[in-house]
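Data first, discussion second: the structure below is written as structure tokens.
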Amino acid sequence: MCKDHLSSYLKKAAKEEVVVTNRGKPVGVIRGFATEDEYLEYRLLNDPRFRKIVQCSQKDTRQGKLTKLDDLE
């Protein structure tokens, strides 16, 4: 990947992953977002606070600490 062509690679990344190489060896990937929703989903799934909430919920589920929706009323 040539630095001079970054904008064209970013446009391509909106449709497919672009492999970044250093001296011919792969070192990374540029992955674009087709929609703003995809971007927001990525941000949410990679937010440490959200991940902690999910992990706590999974732990509670394993321990049988569940509340049914019907019980909330």
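Scan segment 7-20 and give yes if some residue there is more than 20 Å from the chain's Cα centre (by Cα) and surrounded by 10 or more Cβ atoms within 10 Å (Cβ to Cβ), otherwise no. Yes; the residues of segment 7-20 include at least one that is more than 20 Å from the chain's Cα centre (by Cα) and surrounded by 10 or more Cβ atoms within 10 Å (Cβ to Cβ).
Answer yes or no as to whether D60 is assigned to a helix (DSSP H, G or I) and surrounded by 11 or more Cβ atoms within 10 Å (Cβ to Cβ). When the stated conditions are applied, D60 passes them.
The numbers here are math on the coordinates, done by the rules we state, and not lab data. Everything numeric here is computed off the predicted structure, so don't read it as measured data. All Cβ positions, even for glycine, are placed from backbone atoms using ideal geometry, and neighbour counts span all protein chains on display.
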